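First the structure, in the form of structure tokens, and then the observations on it.
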Amino acid sequence: MKYVIDHDYHIHSFLSPCSCDPEQNPERILRYGVENGFKHICLTNHLWDTTKKNFYLDPPDQKYSYLSQALPLPQAEGTRFHFGCETDIDKNLVLGIEKETFDKLEWAIISTTHLQLTGKTIDADATLSDRAKIYIKRIERVLDSGLDFHKIGIAHPVSNHASPDNPFNELFDKIGRDNVKYIFTKVAQSGAGVEINSIDFSLENKSKKHIDAMIEFYGILKECGCRFYLGSDAHHPITLENAPKCFETAVNELGLTEEDKFKMW
């Protein structure tokens with residue numbers, strides 16, 4: 001059976017510093033879920049809440065206490081609205097969430113590809129080869145976290161944030177197919193989900209090599225036994241509006257079935 005588009009597990013509201021859009025509020029997000037017949041949607045504002053010394057952005061408005069202002073989330077019949085977060089890893093592999101906070105959340109996605117934040121997640125002089133090695137190390141850090149992998153997602157693994165000056169196909173070549181198989185076999189075994197991000201499957205401005213590399217990458221992950229969830233990564237309503245079409249593109253291009261679906265709820 002073809003993969004049913006019935007959820008969105010990666011959505012930001014105006015509480016995320018990179019949104020600050022008053023139109024991107026819980027009521028608008030819930031309406032998006034209802035209008036598209038989604039059974040589950042999840043609020044995943046950026047969270048960085050750790051006592052460990054780190055190099056990451058550490059403003060007070062990314063703590064759990066700030067993000068929990070969104071609670072209680074509005075609900076609708078047939079669409080459950082869950083409270084989660086998106087967290088990150090700094091350049092010394094410090095994870096931005098600790099177990100006490102993690103346990104308060106229904107869901108957490110961890111970005112392993114936010115490598116555009118020079119000085120915070122990566123050194124400014126990092127080469128493409130460096131980025132390829134760091135790509136693997138950051139996923140290993142997630143797998144070493146000791147958290148409950150059944151409520152963890154690996155966010156946007158083919159994002160151009162991982163190497164802003166190179167299309168994904170060039171980074172993919174540097175990482176190497178065997179390394180992708182190695183690390184994502186471990187992800188599959190852990191029980192964590194892997195994201196299919198709507199922005200990555202807005203294909204209009206991507207080259208054929210870039211698109212072919214993404215399709216090959218996800219094909220390898222399918223062979224490894226990974227399970228996939230959908231995330232719009234919306235910071236503004238326009239992304240919510242465009243997401244269903246991009247999800248449909250991804251499902252068709254990747255040939256996904258219900259057996260490929262990560263099921264959190």
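Worth a mention:
- Site pair Asp212 and Gln75 shows an inter-label distance of 4.9 nm when each label is modelled 7 Å from Cα along Cα→Cβ.
- Cα centre as origin, Lys/Arg/Asp/Glu Cβ charges: the chain dipole, Debye: 520
- Set of lysines near Lys91 by C-alpha distance (under 16 Å), chain-local residues within fewer than 8 positions excluded: Lys52, Lys53, Lys120, Lys133, Lys137
- Mean ellipticity per residue at 222 nm, deg cm²/dmol - from DSSP H runs of n ≥ 4 across the chain, formula -39500 (n - 2.57): -10500 deg cm²/dmol
- Cα-based shape type of region 110-265, given that a ≥ b ≥ c are square roots of the gyration tensor eigenvalues and the cut on a/c is 1.5: rounded
- GNM remark for the chain: springs join alpha carbons under 10 Å apart, and the peak mean-square fluctuation among Asp103, Asp49, Asp233 falls on Asp103.
- Each of Leu221, Phe184, Asn252 was scored by the projection of its Cα onto the charge dipole of region 182-265, and the greatest displacement toward the positive side belongs to Phe184; charges sit on the C-beta of Lys, Arg, Asp and Glu.
- A 1.4 Å probe run over the protein chains yields, for region 124-195, 42 Å² of accessible area per residue, whole-number rounding.
- Net charge, Lys263 excluded, C-beta distance under 11 Å - Lys, Arg +1, Asp, Glu -1: -1
- Count Lys and Arg as plus one, Asp and Glu as minus one, and take only other residues whose Cβ is under 13 Å from that of Arg177; the net charge is then -2.
- Counting protein heavy atoms only, the chain has 49 percent of its accessible area on carbon and sulfur, 1.4 angstrom probe.
- Ordering Ile97, Phe14, Gly146 by the projection of their Cα atoms onto the charge dipole of region 3-147, which places +1 on the Cβ of Lys and Arg and -1 on the Cβ of Asp and Glu, puts Gly146 at the extreme positive end.
- With a simple spin-label model that places each label point 7 Å from the Cα along the Cα-to-Cβ direction, the separation between Ser68 and Asn25 comes to 2.3 nm.
The values are calculated or read from the model by the stated rules, or taken from the named source; none is laboratory data. In this text the structure is predicted, and so the values were computed from the model without any measurement. Cβ: placed from backbone, ideal geometry, glycine included. Neighbour counts: every protein chain shown. Each accessible area value is taken on the protein alone, full model and side chains, heavy atoms only, with ligands, DNA and RNA left out. Shrake-Rupley method; radii C 1.70, N 1.55, O 1.52, S 1.80 Å.
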